[in-house]
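Before any comments, here is the structure.
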Amino acid sequence: VTSVRPAGERDRSNGTRPELGRTSLLREVYRSLLNTGRTYAGFRDEDREIVGHLAQRGPILDPMSGYGGLASFCSQMGADSFGVEYNPPQFFWQVLVQPDRIDLNLGAIEEIIKVRRKWPKPRRRAIISDEFVPDELRKTLISLFEVIASSFSKSLIADERVAEAALSLLLPFAGRLCCTSPADISTHTKEGGTCVLVGWQDDFATYLAALRYRLKQNKENARGGRQHVISGDARNVNLGSTRFRAMFTSPPYPNHRDFSSILLPENKVIDALSEAHGLPILFDREAIIGSNFVKGAPATEFDSIVVSKFINQISAVRRNKRAGYDDDVYYIPYFRKYFSALGGAYHNIARYLDSSLDGYIAVVNNTHRGVVIPVAETVREIWEGLGFHSEIHRSLEMFHLGARNPRAKGIRARHTEYLVRIWR
Ligand SMILES: C[S@@+](CC[C@H](N)C(=O)[O-])C[C@H]1O[C@@H](n2cnc3c(N)ncnc32)[C@H](O)[C@@H]1O
């Protein structure tokens, strides 16, 4: 297994850009984050202007901050941001690329490369298992984590922060040391399969080179500002006496990307390391907003005219028996749970917004059985119920062709992006 594929792209300050190809066996989501610095971000380039204007009001809040699209935007503009993120691997990605951690991480990378002889040496060439992290890989991951942790300079970081820093550096590579097989959608992976151990050290070296390049790029593009991120659930996070005057955020979209399952192997690795090292990482995967767990979910009361109308519309669609059954046992409970969780999150976050708030929420309305899933309207209804004003600041209708469902045509392929503005 070889993996070094320099793209040949020269960069004046940092030399050849080491591009992570498929043969590095790194997960697609991390290859894309490392190669390009981003995956999905809730806002578009034209939103820079809005972010620029919000930045004058103080730190910009993103209570569901994903991979930190807002933070990197702000860093490039010299603005301050404050992110909350519930899904640990996404939170740790933000920790890894935080501008004020770059020198710390670059130092650790150099040290890890220097101590290559201490990297774990698993005896097998490959492992096949029906678990993500069978015993032998657990041991390998734990030793690798220990090598990384001891590579952080003790003079630059407090002891109690080392585990967090080491985990953030290990995670983008961790999926490479799990037993997985490809899923239908390239962003996902299935539990169980083969983990090729031959050559893993070369892949790790390539990963470190790609990460070093990415961090240096981020450093070069940073114009200042302070990017802060905490791990927490928007539904109950406590932000103390802070009152934000600016917000730019986007919620997970129903039935679209379930962030907890995209990052399932990484969450399993976190579980394994938490057990071994007693890391206090609290996360209930089923509770992430937009996750596809509906069984046993509490029947949450959520009073929404828009959602009730939507559910009535779905129920009135002429469906075959199977589709009707799926709606009753899965989709309708799923939508109720999704919208009620979103309502709970905004209800909590509203407590930390100043009366002079200027806020923007980027959302996408997809369709279900030809009925538009009214995310934008429900978001407006929730915020208006909380005493805010709202308007559709911009909307953009798009048709996605091919990628997820090649047969989707017409309204089934339609999704509309909205930027909802809220103020008091
Ligand atoms: C569309 S993404 C956010 C993208 C981000 N605003 C950006 O523009 O880069 C939605 C994020 O919400 C997170 N999320 C889901 N449930 C959450 C909760 N209860 N509290 C905080 N974040 C949550 C998901 O893990 C996901 O990362």
Discussion item. Give me the percent relative contact order of the stretch 64-151, please, defined on Cα pairs under 8 angstrom at least 6 residues apart.
Written reply: 24 percent
Response to the item:
Rounded to the nearest 10, the angle in degrees between the Cα long axis of helix 159-174 and the longest principal axis of the Cα atoms of the chain comes to 80 degrees
Item to complete: Calculate how steeply helix 88-97 sits against the longest principal axis of the alpha-carbon atoms of the chain, using the helix alpha-carbon long axis, and give the answer as 0 to 90 degrees to the nearest 10.
Response: 60 degrees
Response to the item:
trypsin sites (Lys or Arg not before Pro) in the stretch 235-312 lying in a DSSP loop, each with at most 11 other Cβ atoms within 10 Å of its Cβ, come to Lys295
Worksheet item: So what is the calculated 222 nm ellipticity per residue for the chain, using -39500 (n - 2.57) for each DSSP H run with n of 4 or more, over all residues, to the nearest 500 deg cm²/dmol?
Response: -12500 deg cm²/dmol
Practice prompt. With the full set of protein chains in place, find how many percent of the accessible area of the stretch 220-354 is carbon and sulfur; take the probe as 1.4 Å.
Written response: 48 percent
Fill in: Value of relative contact order over the chain, rounded to a whole percent, pairs C-alpha under 8 Å and six or more apart
18 percent
Item to complete: Using a 10 angstrom cutoff on alpha carbons, build the Gaussian network for the chain and name the most mobile of Asn255, Asn292, Asn312.
Response: Asn312
Discussion item. Tell me which of Ala234, Val364, Gly387 sits at the most positive position along the dipole axis of the chain, charges placed on C-beta atoms (Lys, Arg +1; Asp, Glu -1).
Written reply: Val364
Worksheet item: With respect to the cross-link table entries Lys190/Lys219; Lys268/Lys309; Lys139/Lys295; Lys114/Lys216; Lys139/Lys337; Lys190/Lys321, which display a Cα-Cα separation exceeding 28 Å?
Response: Lys190/Lys219; Lys268/Lys309; Lys139/Lys295; Lys139/Lys337; Lys190/Lys321
Discussion item. Taking the alpha-carbon distance from Lys118 and a cut-off under 18 Å, which aspartates and glutamates remain once sequence neighbours fewer than 8 residues away in the same chain are dropped?
Written reply: Glu110, Glu136, Glu146, Asp202, Asp203
Fill in: Anisotropy class of the stretch 71-159 from Cα gyration tensor, a/c 1.5 cut
oblate
Response to the item:
Over all Cα pairs of the stretch 93-245, the Kirkwood radius sets Rh, and Rg/Rh then becomes 1.01
Discussion item. Sort 366-372, 336-342, 66-72 by packing, meaning the average of other beta carbons within 10 Å per residue, with the highest value first.
Written reply: 66-72, 336-342, 366-372
Worksheet item: Just how large is the dipole of the stretch 197-248 about the Cα centre, in debye to the nearest 20, putting +1 at every Lys and Arg Cβ and -1 at every Asp and Glu Cβ?
Response: 480 debye
Worksheet item: Taking the Cα-to-Cβ direction at Asp303 and at Glu136 and moving 7 Å from each Cα, how far apart do the two end points lie in nm?
Response: 6.0 nm
Fill in: Solution diffusion estimate, µm²/s, Stokes-Einstein, the stretch 210-280, Kirkwood Rh from C-alpha pairs, 4 °C, viscosity 1.567 mPa s
79 µm²/s
Item to complete: Can you tell me the order of 181-192, 377-388 when each peptide is scored by its average per-residue count of other Cβ atoms within 10 angstrom, highest first?
Response: 377-388, 181-192
Fill in: Charged-residue dipole, Cβ positions (Lys, Arg, Asp, Glu), the chain about Cα centre, Debye nearest 20
1080 debye
Worksheet entry | Highest to lowest packing among 47-55, 111-119, 345-353, scored as the average C-beta count within 10 Å | 345-353, 47-55, 111-119
Practice prompt. Provide, for q = 0.15 Å⁻¹, the log10 of I(q)/I(0) from a solvent-free Debye sum over equal Cα point scatterers in the chain.
Written response: -1.51
Worksheet item: Karplus couplings for the stretch 19-28 from phi (6.51 cos²θ - 1.76 cosθ + 1.60, θ = phi - 60°), rounded to Hz, Gly and Pro as x?
Response: 8, 7, x, 4, 5, 6, 6, 6, 4, 4
Item to complete: Please give the net charge around Lys309, taking every other residue with its beta carbon less than 12 angstrom from that of Lys309, where Lys and Arg add +1 and Asp and Glu add -1.
Response: -2
Worksheet item: In cubic angstrom, how much convex hull volume per residue do the alpha carbon atoms of the stretch 170-325 span?
Response: 229 Å³
Discussion item. Which order do you get for Arg318, Arg57 if you rank them by accessible area with a 1.4 Å probe, largest at the top?
Written reply: Arg318, Arg57
Item to complete: State, as an integer percentage, the relative contact order of the stretch 40-95 based on alpha-carbon contacts under 8 Å between residues 6 or more apart.
Response: 35 percent
Discussion item. Using a probe radius of 1.4 Å on heavy atoms only, what accessible surface per residue do you get for the chain? Whole Å² is fine.
Written reply: 47 Å²
Discussion item. If I model a spin label at Glu391 and Arg125 as a point 7 Å from the Cα along the Cα→Cβ vector, what separation in nanometres do I get?
Written reply: 6.7 nm
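The values are calculated or read from the model by the stated rules, or taken from the named source; none is laboratory data. This is a predicted model, so every value here is computed, not measured. Glycine also receives a Cβ, built like all others from the backbone with ideal geometry; neighbour counts cover every protein chain displayed. These accessible areas exclude ligands, DNA and RNA; they are computed on the full protein's heavy atoms, side chains included. Shrake-Rupley method; radii C 1.70, N 1.55, O 1.52, S 1.80 Å.
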